Amino acid sequence: MSDERRVQEVLARYVRATDRRDGKSQGTLFTDDATVQVFTKTGHDAYEPLSEPIIGSAGVEYAVDNFMAPHPEGGSSHHTTSDHIIEVDGDRAHMNAQFVVFEVRATARPAGGWPEGAFGAQGTVRPIESGYYDTDLRRIDGEWKIIRHRVLMDMPIAIPGA
Amino acid sequence: MSDERRVQEVLARYVRATDRRDGKSQGTLFTDDATVQVFTKTGHDAYEPLSEPIIGSAGVEYAVDNFMAPHPEGGSSHHTTSDHIIEVDGDRAHMNAQFVVFEVRATARPAGGWPEGAFGAQGTVRPIESGYYDTDLRRIDGEWKIIRHRVLMDMPIAIPGA
Amino acid sequence: MSDERRVQEVLARYVRATDRRDGKSQGTLFTDDATVQVFTKTGHDAYEPLSEPIIGSAGVEYAVDNFMAPHPEGGSSHHTTSDHIIEVDGDRAHMNAQFVVFEVRATARPAGGWPEGAFGAQGTVRPIESGYYDTDLRRIDGEWKIIRHRVLMDMPIAIPGA
């Protein structure tokens, strides 16, 4: 498998762990001194940090397990990435990717069955967030790990109480 | 071309055949004894089969041609896949991918032309389904074919009369 | 990096340049005699050209800078591509990809802060266009350049005054 594909698959595992709210799997993708920071767009090519960086594998695990809202009953999500630009230089790599997040809300089957005329998938799939992931990786003992991950959000984020 | 890319392109052809309702092209991507089964999500990591498996190339062709709703006038769709995780082991491969299905409904140009203020693409693009494709392939005479394809839908499916 | 990935990354740079309305970056992806033409779907497998072809690197640069609507305050977009089918034959390549365009509209933070109950990303992400990119490339001095780019839109386009 090419290094570029290996690097891209780190992001493929990242989005699955995020969508499953699986902090442990998410944490293993990062080094112990990795930094993760979320930025929101304030203008053309301008971003500001949303909060302090999260530090390392353990910090990422804790953040996913404690700060991400759990899916409601029937809920799931897909963080999808596309149009990756990846540069590998020896044991270092840089990746930039677009992302779009879809929120899925399944409708529960009514006790008496689906109403007349109901057809196909029952529920909603809705894009709710978008932006770019900008990510630096390092190969350690043959495995690519994230050392710096920046989430560049297109829209501002409202945090209750903040 | 790498084996991983070859495997991924099987899925790229699969989604095109699905969107075109082209049973013949779809069937050729599968072996004669392949199984295809659709599952719907019933809980965290839990799925139940929606129906019996479809068997083989001929079964897939028949299902696409006879059971998929044709697009209405001006209608089309895009089954899009992302964040593939692919493992190739000799002549065997496994692929997991996210999917989001978009339903496209074009607005017909009015006889008198577009109304004042109309600008850009006329119609709607709407995500209607999502989930994961989980797919096993085998290399036969140098070509990758699907031997087992599981469609893991995030939402329940209403089938009239079922 | 494989030739297929190099070719795919040309498209990754294309969508970024489009979303940034960066005519200069966009132009450099094309040869001087490249043709770019937009088609709209008129029926099953039938398309008609929306207008005359744009010619070459300079034509593309001019078109992006002068004919693409600028993003409004808080606006951005993502042209996302997926399910690429790429054939490389020596110094020639052909790529077919699906595209979905998302329009992003950020909500400006109110002077008094977000209203009670506001949570998560503030604004909308909405799919507005879709179709296929069908692209021919040639390798020139080691770099892949687009020589012919066809944008096959699923929906008709309303152009004011046209």
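Observations on the model:
- Of A:LYS145/C:LYS24; B:LYS24/B:LYS145; A:LYS24/B:LYS41, pairs whose Cα-Cα distance is over 26 Å: A:LYS145/C:LYS24
- Gyration tensor (alpha-carbon) shape descriptor, the range A:29-77, a/c threshold 1.5: oblate
- Cβ neighbours within 10 Å from other chains - mean over A:60-67: 0
- Share of carbon and sulfur in the accessible heavy-atom surface of the protein assembly as shown [1.4 Å probe, %]: 49 percent
- Relative to the longest principal axis of the Cα atoms of chain A, helix A:3-20 runs at roughly 40 degrees.
- Semi-axes of the equivalent ellipsoid for the range A:67-111, Cα gyration tensor, largest first, Å: 36, 12, 7
- When you filter the chymotrypsin sites (Phe, Trp or Tyr not before Pro) in the range C:12-59 for DSSP loop state and at most 11 other Cβ atoms inside 10 Å of their Cβ, nothing is left.
- Cα-only Debye scattering, the protein assembly as shown: base-10 log of I(q)/I(0) at q = 0.11, 0.13 Å⁻¹: -1.00, -1.46
- Accessible area that becomes buried as C packs against B, both chains, 1.4 Å probe, Å², nearest 100: 2500 Å²
- Computed over the range B:43-101, the range of Cα coordinates on each principal axis works out to 43, 29, 26 Å, biggest value leading.
- Accessible surface calculations at 1.4 Å, restricted to protein heavy atoms, place the protein assembly as shown at 48 Å² per residue.
- Geometric descriptor of the range C:1-91, per residue, is 147 Å³ (volume of the convex hull of the Cα atoms).
- Positive-end ranking of A:ILE147, A:VAL88, A:HIS71 along the dipole of the range A:60-156, with charges on Cβ about the Cα centre, is headed by A:HIS71.
- Relative contact order of the range A:93-149, defined on C-alpha pairs under 8 angstrom at six or more residues apart (%): 43 percent
- The mean number of Cβ atoms from other chains found within 10 Å of a Cβ in peptide C:16-27 is 1, as a whole number.
- Note on chain B: helix-only mean residue ellipticity at 222 nm, from DSSP H runs of 4+ residues weighted -39500 (n - 2.57) and normalised by residue number, equals -6500 deg cm²/dmol.
- Axis of helix A:56-67 versus longest Cα principal axis of chain A: the two differ by about 20°, to the nearest ten degrees.
- Here chain A was treated as a single set of alpha-carbon atoms; its pair distances binned every 5 Å from 0 give 2, 8, 15, 19, 19, 14, 9, 6, 4, 3, 1, 0, 0 percent.
- Inter-part distance where the range B:97-115 and the range A:66-135 are each reduced to a Cα centre, Å: 22 Å
- Neighbouring Cβ atoms from other chains, within 10 Å of the Cβ of residues in B:7-13, number 3 on average.
- Relative contact order of chain B: 26 percent, from C-alpha pairs under 8 Å at least 6 residues apart in sequence.
- Across the range A:60-105, Cα pairs under 8 Å and at least six residues apart give a relative contact order of 40 percent.
- Using only the C-alpha atoms, the convex hull of the range C:105-162 corresponds to 233 Å³ per residue.
- By average C-beta atoms within 10 angstrom, highest first, the peptides A:112-125, B:110-123, B:134-147: B:134-147, A:112-125, B:110-123
- Debye intensity ratio I(q)/I(0), log10, the range C:1-45, q values 0.14, 0.15, 0.16 Å⁻¹ (C-alpha model): -0.47, -0.53, -0.59
The values are calculated or read from the model by the stated rules, or taken from the named source; none is laboratory data. Small disclaimer: the values here were computed from a predicted structure and weren't measured. So basically every Cβ, Gly included, is an ideal-geometry build from the backbone, and we count neighbours across all protein chains shown. To get the accessible areas, we keep the full protein, side chains included, count just its heavy atoms, and leave off ligands, DNA and RNA. Shrake-Rupley method; radii C 1.70, N 1.55, O 1.52, S 1.80 Å.
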